[in-house]
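Colleague: The following block contains the structure, expressed as structure tokens.
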Amino acid sequence: MLFSKFFTYTSKDIPADAKIASHRLMLRAGMISQTASGIYCWLPLAVRVLEKITKIICEEQDKIGANRVYFSTIQPADLWIESGRYDDYGKEMLRIKDRKDGDFLYSPTNEEQATDVFRKYVKGYRGLPTMLYQIHWKFRDEIRPRFGVMRGREFLMKDGYSFDLDFEGAKATYEKVFKAYIKTFRRMGLTPIPVQADSGAIGGNMSHEFQILAETGESTLYYDKKLHTASDEELMHIFAVTDEKYDPKTSPIPEKELMVSKGIEVGHIFYFGTKYSQPMNAFVLNNKGEKIYPEMGSYGIGVSRLIAAIIESSHDDRGIIWPEPVAPFDVTILNLHTNDSKCTQIASELYEKISSVKEVLYDDRDMTVGKKLADADLIGIPWQIIVGQKKLEAGVVELKNRKTGKIEELSPEELIRRYCA
Ligand code: P5A
């Protein structure tokens, strides 16, 4: 991609209400454009990151046999009347009338719809267990949208729904998704802290939030310090709660073993039994021909919020530092002197060759050296190849690591060999 053709406009002017680093940096890097309170347009740089995150999520969901779908964003109110949630959901739900005066809503979540699709197709126990998921836009009319895409009104969520024949099956599915989520977040360069959100009535903890440590997080976490060294198997059972649930009097962990940190909730998973399958009459016949209401769970990841969480946990004074697996590009080539024919020849050649193996943003814009270097640090692509007059005279270009700031000098040929060998 040529930067001169890439719809990305960096800026220093950002509104005063952008208080946290991720909000400020997303605006400065030209990733999002606000349309209304809590509602954003996602611009090319951000879309590339959303797609990287999506790909990682889908790969891990594939491995546990979940099926990707798109539910409709608009749902008839009838579905929610059936489950009994239509009135309970309150003002957060965006309610819509169509031209025939029919009641509709914009999906804030899709438990009802998943149950509806399930009941239309699955009639017998052989169809279980099964899991449907999507990555799609949601709308919740939050009272206080804030911190940019961190708490939006329109936001992108991965939402999954599972159906099992009995509690044991549902528990096994829940544990499978739990582990897949841990892997998913780790692959994005994050350290997830699974927090017990609800000590469910039936056997063990069956609701977890996945938190990312960050000073700007909205939740306060209390957790056993063993969590940092626990295996994936142990993670689910190590004490970790949010402040709403923490009571020093009943805490199973002595204070000196406890860590207290701020966190950002990037995922939330639930087991809820037959809460929807029963009222919506989504039954299947078991192997004895008896009616069974599937045991269900739902599993959410805040995909758009994740971008903000990743930035909160990986940035410095100069800008974003993308972890390689979610970076919008693998490497950026900076042609510092576009009017110098030697610089342009070398930079173009590097671009052509390296593009065949990596995703490259070639900064071919006619701008000052200072602006180019500042933009590259702001946008945060993990590797920068800097092509400048002086260094080229000495036969080298620079390879800079955005995270460490370390610069290596290499000849263009060596660099091509390194990437393309
Ligand atoms: C689980 C999947 C649910 O909605 N139903 C389907 C369940 N859970 S949740 O906790 O309410 O949301 C899942 C994740 O979505 C993110 N999220 C948000 N992101 C940005 N702005 C918002 N207003 C917002 N609300 C929720 C969170 O990451 C949450 O964990």
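Values in this text are rule-based calculations from the coordinates and carry no lab data. Quick caveat, the model's predicted, so the values are computed rather than measured. In this analysis, Cβ positions are derived from the backbone assuming ideal geometry, glycine residues included, and neighbour counts consider all displayed protein chains.
Colleague: Among 71-77, 272-278, 95-101, 291-297, how do they line up by average Cβ neighbours within 10 Å per residue, starting with the highest? Let's see the in-between values first.
Modeller: On the way: 71-77: 15.9, 272-278: 19.4, 95-101: 8.9, 291-297: 21.3.
Highest to lowest by the protection proxy: 291-297, 272-278, 71-77, 95-101.
Colleague: Mind giving me the FRET efficiency for LYS97 and LYS245? R0 is 56 Å, r the Cβ-Cβ distance, nearest 0.05 is fine.
Modeller: Rounded to the nearest 0.05, the efficiency is 0.90.
Colleague: By its C-alpha gyration tensor, with a ≥ b ≥ c as the square roots of the eigenvalues, how is region 1-145 shaped: rounded for a/c under 1.5, else prolate for a/b larger than b/c, else oblate?
Modeller: Taking the square roots of the gyration eigenvalues as a ≥ b ≥ c, region 1-145 is oblate.
Colleague: Hey, which of these cross-link pairs are over 30 Å Cα-Cα: LYS55/LYS123; LYS183/LYS249; LYS5/LYS183; LYS97/LYS120?
Modeller: Check vs 30 Å cut-off fails for LYS55/LYS123; LYS183/LYS249; LYS5/LYS183.
Colleague: Here is a further query. How would you classify region 297-379 from its alpha-carbon gyration tensor, with a ≥ b ≥ c the square roots of the eigenvalues: rounded for a/c under 1.5, else prolate if a/b is greater than b/c, otherwise oblate?
Modeller: Verdict is oblate for region 297-379.
Colleague: What is the spin-label model distance, in nm, from SER411 to SER231 if the labels are put 7 Å beyond Cα along the C-beta direction?
Modeller: Distance between label points: 5.1 nm.
Colleague: Distance from the Cα centre of region 243-312 to that of region 1-50, in angstrom?
Modeller: Computed from Cα coordinates, the inter-centre distance equals 31 Å.
Colleague: Please name which of LEU378, LEU350, ILE74 has its Cα lying farthest along the dipole of the chain towards the positive end, using unit charges on Cβ (Lys, Arg +1; Asp, Glu -1) and the Cα centre as origin.
Modeller: Value computed over the given set: LEU350.
Colleague: May I pose another question? Sorted by average packing, counted as other Cβ atoms within 10 angstrom per residue and highest first, what order do 154-163, 235-244 take?
Modeller: Ranked from most to least packed, the peptides come out as 154-163, 235-244.
Colleague: Taking the Cα centre of region 269-421 as origin, sum charge times position over the Cβ atoms of Lys and Arg (+1) and Asp and Glu (-1), and report the length of that vector in debye to the nearest 20.
Modeller: Using Cβ point charges on Lys, Arg, Asp and Glu, region 269-421 gives about 540 debye.
Colleague: Same structure, new question: Could you check the simple spin-label distance between THR368 and ARG318, using points 7 Å along Cα→Cβ, in nm with one decimal?
Modeller: With each label point 7 Å from Cα toward Cβ, the separation is 1.7 nm.
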